[in-house]
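Participant: Let me begin by handing over the structure; questions about it come next.
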């Protein structure tokens, strides 16, 4: 795999010319016509799709209107509640509400099914589509029923990726979908486009997860594609099936790219024909000379079975490399665990080695990444006639949709799997985020799913329970299962892959999916449950802020799973205050109490009472502030809009992973006004902060001027935001006086600044 240091021209879809003094001359000689770099940049597939959906009139500052929207049952309640509070009358574009996350209603009691009924009645009232539980995971339904070559889809799940089908899809936090529901736009600067040039053919036993993990391992730490579009091109694309491409594509989210798109061909045309939507296909290819801001060149024939060890999809090795270096690699993972868990619990992977071999406890093939037809058929072929054994090892398989499941039943793959001891279950995303197949304490699980972050598989470090997940391809998981848990690469087993043809039967969808066909029925009453709560009132940004640092996180990257845990907490996604009680609970259990304590001061201000009486330690803080700023003369009782109080956290690089807005909103409802970071892992997390009225501060790497539990004073912060300042002067409040330092605000659109000034997106739309 090669990552080019400079921009690259793709010529005639097959040749690469690296940017340099003679590059354009070489391009002209190969194409027969001259082209400028700017013209070539407009010849990417991504540029054409973005141009077709941009309504700003400028390709530098995009305002995108999407063709379709999609959400699942731990995001759509909050989104619709926000949109309703902002004036929603009708879904202006097709909006699909799937139920694949909280679909096990035994978890959460009536809470989860209440959310589902809320979704069904909203689909009727506002004109949407409702997919009941166990019918399909969100992204498989989108592939089967929504994708359209040349279209754009916005989803409230981070793995909203349908580029292999020619659909440019983006996963964002809920407020961005709210904007679309209110006929507003998705505003972003024109992103860079990085080409992924594929050549060659995968060897037998190598699957899409292997290719994906190889890419993630190469680019993540370098930020090579961060917030850019990945465009898959080259002669190797035609050597991959549609399912294989889909399996690679969905994992592009783990590179932190913005979106993805692939050139399309006869195999994608066949995919649309199989699904009865031949009219949704069109050929997409870059122009004769297309310029890319970077290029990843991959010889598919050189990829070998991969494994992403705990605790990130980028912690990658070939399985051969892992087996050859077990002590060193396992020791490294255990050291990473000590950092991630702050030494609270010990992970013991070396105990999994027996007679020099690594044994795992569990295998999972599931969800939008692993649950595809081809993955499961190949796994069944490897396991046919074998046994997973009667010891501790278990294997669970979750087809990604009921149509896929039905075909696997018809062609015998399900029977072949069940005979081995595997358990075949319904479409469900639980294993991906800690709500299904949670391992035993210190168990080691291998999964063809999307993520292996700390805690994501269901660990509760505060209770002394820890497990870990490695990501692998379905084929190598099946090979491991055939060896009853001994970690085995699929290339090391002799299997005959039958490659049965797929036949899509949409009858189950016709029978069970509610589709309004875009017709709203205002007479429908929305069905609420006792756990579905409105967003609490949120104040506008005050003129000056006093913030208490209530958590300090020095991990290289902080995931959204650490900011607001997944798993059983998902049942409270419809209850902002209830969910907020879990914020940072697995990373910093003291966060909630500390945030709520300083929030008492802000509540006192809003009630017209003295904040210093509410939080006694503020007397010394305000004494120091008033001494340093005697001209401001802050009233002791506080003045609404003049002086605000709240909390902030520091994290080195927060926001990797899920698009969940609750990673920000939970901080907001607990009185958070800001995050301070050296960098933000993803655009979507920073956008979530802004949409919830939180300041996305930046501070240079190095020794911090403040410490956890320090108070910070931000004078004239409202004016700084209104005047579009990119830096502000802040102060650490100490007994000896105030210590000055600088915080960056970064680039923001006028609308984003107004959202922060108003206090949140809901206030912004209320006017």
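The values are calculated or read from the model by the stated rules, or taken from the named source; none is laboratory data. Quick caveat: nothing in here was measured; it's all calculated off a predicted structure. Methodologically, a virtual Cβ is constructed for each residue, glycine included, from the backbone with ideal geometry; neighbour enumeration extends over all protein chains shown.
Participant: State the number of residues belonging to the range 416-455 that are at pLDDT below 90, out of contact with any strand residue (DSSP E or B) (no Cβ under 7 Å at 6 or more places or on another chain) and crowded, with 20+ Cβ neighbours inside 10 Å.
Facilitator: Here the count works out to 11.
Participant: May I ask you to verify whether residue 747 is part of a loop (DSSP other than H, G, I, E, B) and at pLDDT below 95? Write out each step before concluding.
Facilitator: Values: part of a loop (DSSP other than H, G, I, E, B): yes; at pLDDT below 95: yes.
Criteria met by residue 747.
Participant: From the list 693, 744, 671, which one is within 29 Å of residue 259 (Cβ to Cβ), assigned by TED's automatic domain parsing to the domain that holds residue 619 and surrounded by 24 or more Cβ atoms within 10 Å (Cβ to Cβ)? Show your work before the answer.
Facilitator: On the way: 744 fails: surrounded by 24 or more Cβ atoms within 10 Å (Cβ to Cβ); 671 fails: within 29 Å of residue 259 (Cβ to Cβ).
One residue alone meets the criteria, 693.
Participant: Follow-up question, since we're still on this one. Could you check the range 570-593 and list, in sequence order, the residues that are surrounded by fewer than 19 Cβ atoms within 10 Å (Cβ to Cβ) and outside any loop (DSSP other than H, G, I, E, B)?
Facilitator: If the condition is that a residue be surrounded by fewer than 19 Cβ atoms within 10 Å (Cβ to Cβ) and outside any loop (DSSP other than H, G, I, E, B), then 577, 578, 593 are the ones that fit.
Participant: Being buried (at least 18 other Cβ atoms within 10 Å of the Cβ) and more than 30 Å from residue 65 (Cβ to Cβ) is the filter here, so list the residues in the range 183-208 that pass it.
Facilitator: Within the range 183-208, 197, 198, 202, 205, 206, 207, 208 qualify.
Participant: Next question, about the same structure. Would you confirm whether or not the range 239-246 contains a residue that is crowded, with 21+ Cβ neighbours inside 10 Å and outside any helix (DSSP H, G or I)?
Facilitator: yes
Participant: Among (1) in contact with a strand residue (DSSP E or B) (Cβ under 8 Å, 6 or more places away or on another chain); (2) within 19 Å of residue 547 (Cα to Cα); (3) part of a helix (DSSP H, G or I), where does residue 684 come up short?
Facilitator: All conditions are met except number (2).
Participant: Any idea which residue in the range 329-355 is surrounded by the most Cβ atoms within 10 Å (Cβ to Cβ), counting only those that are touching a helix residue (DSSP H, G or I) at 6+ places or on another chain (Cβ under 6 Å) and in contact (Cβ under 8 Å) with a residue 40 or more places away in the chain?
Facilitator: So the residue we want is 347.
Participant: From the list 500, 530, exactly one residue is more than 30 Å from residue 143 (Cα to Cα) and either part of a loop (DSSP other than H, G, I, E, B) or outside the structural domain of residue 601 (by TED's automatic domain parsing) (or both). Which is it? Break it down into steps so the answer makes sense when it comes.
Facilitator: On the way: 500 fails: more than 30 Å from residue 143 (Cα to Cα).
One residue alone meets the criteria, 530.
Participant: Check the range 152-169 and report whether any residue there is over 21 Å from residue 371 (Cα atoms) and out of contact with any strand residue (DSSP E or B) (no Cβ under 7 Å at 6 or more places or on another chain).
Facilitator: No, that holds for no residue.
Participant: Please go through the range 696-711 and pick out each residue that is closer than 26 Å to residue 669 by Cβ and either more than 31 Å from the chain's Cα centre (by Cα) or not assigned by TED's automatic domain parsing to the domain that holds residue 623 (or both).
Facilitator: Listed by number, the residues that qualify are 710, 711.
Participant: Name the residue that is nearest to the chain's Cα centre (by Cα), counting only residues in the range 31-54 that are more than 26 Å from residue 67 (Cα to Cα) and buried (at least 16 other Cβ atoms within 10 Å of the Cβ). Walk me through how you get there before you give the answer.
Facilitator: Going through the range 31-54, the residues more than 26 Å from residue 67 (Cα to Cα) turn out to be 31-40.
Next, from what is left, pick out any that are buried (at least 16 other Cβ atoms within 10 Å of the Cβ): 31, 35, 40.
Values: 31: 40, 35: 37, 40: 31 Å.
The qualifying residue nearest to the chain's Cα centre (by Cα) is 40.
Participant: Return yes when residue 27 is outside the structural domain of residue 146 (by TED's automatic domain parsing), in contact with a strand residue (DSSP E or B) (Cβ under 6 Å, 6 or more places away or on another chain) and surrounded by fewer than 19 Cβ atoms within 10 Å (Cβ to Cβ) and no when it is not. Lay out the reasoning, then the answer.
Facilitator: On the way: outside the structural domain of residue 146 (by TED's automatic domain parsing): yes; in contact with a strand residue (DSSP E or B) (Cβ under 6 Å, 6 or more places away or on another chain): yes; surrounded by fewer than 19 Cβ atoms within 10 Å (Cβ to Cβ): no.
Considered against the rule, which asks whether it is outside the structural domain of residue 146 (by TED's automatic domain parsing), in contact with a strand residue (DSSP E or B) (Cβ under 6 Å, 6 or more places away or on another chain) and surrounded by fewer than 19 Cβ atoms within 10 Å (Cβ to Cβ), residue 27 comes out as no.
Participant: Can you go through 705, 696 and tell me which one is without any contact (Cβ under 8 Å) to a residue 60 or more places away in the chain and touching a helix residue (DSSP H, G or I) at 6+ places or on another chain (Cβ under 7 Å)?
Facilitator: On the way: 705 fails: touching a helix residue (DSSP H, G or I) at 6+ places or on another chain (Cβ under 7 Å).
When all the criteria are applied, what remains is 696.
Participant: Counting only residues that are surrounded by 23 or more Cβ atoms within 10 Å (Cβ to Cβ) and at pLDDT below 85, which one in the range 616-660 is farthest from the chain's Cα centre (by Cα)?
Facilitator: Per the criteria, the residue is 638.
Participant: Free of Cβ contacts under 8 Å to residues at least 24 places away in the same chain, in contact with a strand residue (DSSP E or B) (Cβ under 8 Å, 6 or more places away or on another chain) and in the same structural domain as residue 441 (by TED's automatic domain parsing), is that true of residue 319?
Facilitator: Working: free of Cβ contacts under 8 Å to residues at least 24 places away in the same chain: no; in contact with a strand residue (DSSP E or B) (Cβ under 8 Å, 6 or more places away or on another chain): yes; in the same structural domain as residue 441 (by TED's automatic domain parsing): yes.
The answer is no for residue 319.
Participant: For residue 724, all conditions in the list (1) in contact with a helix residue (DSSP H, G or I) (Cβ under 7 Å, 6 or more places away or on another chain); (2) surrounded by 21 or more Cβ atoms within 10 Å (Cβ to Cβ); (3) closer than 30 Å to residue 83 by Cα hold save one; what is the number of the exception?
Facilitator: Here residue 724 meets the rest and fails (2).
Participant: Hey, residue 358 hits all of (1) over 26 Å from the mean Cα position of the chain (by Cα); (2) not in a strand (DSSP E or B) but one; which does it fall short on?
Facilitator: With (1) over 26 Å from the mean Cα position of the chain (by Cα); (2) not in a strand (DSSP E or B) applied to residue 358, the lone miss is (2).
Participant: Can you tell me which of (1) at pLDDT 90 or above; (2) over 30 Å from residue 313 (Cβ atoms) is the one residue 592 doesn't meet?
Facilitator: Result: residue 592 fails condition (2) only.
Participant: Continuing with the same structure: Looking only at the range 523-557, filter to residues that are at pLDDT below 90 and crowded, with 17+ Cβ neighbours inside 10 Å; which one of those is nearest to the chain's Cα centre (by Cα)?
Facilitator: My answer is 557.
Participant: Just for helices (runs of 4 or more DSSP H) wholly inside the range 56-149: which have at least 3 residues that are surrounded by fewer than 24 Cβ atoms within 10 Å (Cβ to Cβ)? Spell out how you get there, then give the answer.
Facilitator: On the way: elements: 76-85, 110-126, 138-145.
The helices (runs of 4 or more DSSP H) meeting that bar are 110-126.
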